[in-house]
1. Scan 29, 16 and give me the residue that is assigned to a strand (DSSP E or B), modelled with pLDDT of 75 or more, in contact with a helix residue (DSSP H, G or I) (Cβ under 8 Å, 6 or more places away or on another chain) and surrounded by 14 or more Cβ atoms within 10 Å (Cβ to Cβ).
2. Do you know which residues across region 32-80 are modelled with pLDDT under 75, touching a strand residue (DSSP E or B) at 6+ places or on another chain (Cβ under 8 Å) and within 17 Å of residue 18 (Cβ to Cβ)?
3. Report every pair of residues separated by at least 6 positions or lying on different chains whose Cβ atoms are under 6 Å apart, first residue within region 48-68 and in contact (Cβ under 8 Å) with a residue 60 or more places away in the chain, second outside any loop (DSSP other than H, G, I, E, B).
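The values are calculated or read from the model by the stated rules, or taken from the named source; none is laboratory data. The structure displayed is predicted, hence computed values, not measured ones. Please note: Cβ atoms are built from the backbone with ideal geometry, for glycine as well, and neighbour counts cover all protein chains shown.
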């Protein structure tokens, strides 16, 4: 996935890998950043987003990147969506 950031004084783009992490989280790891080695980015080189609040019984099964954005596959059993 291509990431572009404009922080006012500094702007740039990077290529990142998006994967499923742990128990439903999403991991975004920078693999190329305009010639800067990913290891030199320190904590900016990768972040893990906690799982979103999903209905009880649902989990994230897979994460992939498409031309439209990040695609998250969910699965669940006996899940109720009523209030």
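1. Result of the check over 29, 16: 29.
2. 32, 38, 41, 44, 45, 51, 65, listed by residue number.
3. Close Cβ pairs (under 6 Å, with a partner that is outside any loop (DSSP other than H, G, I, E, B)) amount to 65/18.
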